[in-house]
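See below for the structure under consideration.
The values are calculated or read from the model by the stated rules, or taken from the named source; none is laboratory data. These figures come from a predicted structure and were not determined experimentally. Counting neighbours? That spans all protein chains shown, and the Cβs are built from the backbone with ideal geometry, glycine included.
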Amino acid sequence: MYRPKVYDEEAIIRKIKEGDEASFRCLFDRYRNELFTYCLHITKERSIAEEIVQDVFMIIWQNREGLQPQIKPYLYTITQNLSFNFLKKATRDVKMKKQVFYESQKEFRQEWLIDFKDTKELITQAITQMPTRQQEIFSLSRWENKSHDEIARQLRISKNTVKDQMYKALKAIKHYLQTHQLLLVFLVQVFNSIR
């Protein structure tokens with residue numbers, strides 16, 4: 001087993017070509033920190049730089065039989081190529097993730113708008129089936145955003161009557177939506193917030 005006391009790169013390369021692992025370890029120890037620093041400068045990520053340096057030396061070992069005595073430029077070329085490949089892939093992945101997210105959000109918004117439109121139509125149908133006074137109270141509360149006190153004063157009825165009619169109106173709407181299987185959670189929450 002070849003263990004040089006003084007670092008002799010040409011001798012080390014010869015031994016690596018013959019499959020000597022100790023010489024390969026010697027080469028690894030000589031260049032790993034240098035290549036790591038170079039790779040980190042390009043990728044800006046420690047874990048990626050460590051992984052790339054390992055890949056560089058794996059490539060060296062796998063292709064050891066064709067190594068040339070001047071190995072340093074070769075090590076830097078492999079490190080640079082792997083680093084740039086990582087950056088290209090990362091850029092593609094980010095673009096792809098953004099595109100997938102954009103498409104899924106666009107589809108969700110379209111579906112939501114269709115569902116909301118259908119549900120709003122059903123609510124309108126449910127309201128038309130209410131007694132006239134109930135319709136009026138509901139419209140003042142939900143469409144004109146008036147408080148129970150304001151509705152009571154405007155219609156000259158008690159606040160309790162307004163509350164009671166709103167409760168019945170909301171219950172009728174929920175029932176109507178349930179029978180049409182379009183009761184949405186957010187609508188339940190909205191319509192449950194009786195003032």
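For the reader, a short list of remarks on this structure follows.
- Hey, PHE101 in contact with an Asp or Glu (Cβ under 9 Å, 6 or more places away or on another chain), at pLDDT below 90 and under 30 Å from THR43 (Cα atoms) or not: no
- Number of positions in segment 155-175 that are touching a Leu at 6+ places or on another chain (Cβ under 7 Å) and more than 20 Å from THR124 (Cβ to Cβ): 0
- Residue match in segment 109-116 (condition: more than 25 Å from the chain's Cα centre (by Cα) and modelled with pLDDT of 80 or more): no
- Residue count for segment 29-64, restricted to those that are of a type in the set (Asp, Glu), modelled with pLDDT of 90 or more and either farther than 19 Å from ASP8 by Cβ or crowded, with 16+ Cβ neighbours inside 10 Å (or both): 3.
Condition check ((1) under 18 Å from ASN145 (Cα atoms); (2) modelled with pLDDT of 90 or more; (3) not in a helix (DSSP H, G or I)) across all residues:
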site	(1), (2), (3)
LYS163	yes, yes, no
ALA172	no, no, no
LEU177	no, no, no
LEU183	no, no, yes
VAL190	yes, no, no
ARG195	yes, no, yes
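- Pairs, first closer than 9 Å to ILE52 by Cα and part of a helix (DSSP H, G or I) in segment 68-85, second at pLDDT below 90 and not polar (S, T, N, Q), C-beta under 8 Å, six or more apart: SER83/ILE42
- Within segment 122-161, tally of residues that are acidic (Asp, Glu) and surrounded by 12 or more Cβ atoms within 10 Å (Cβ to Cβ): 2
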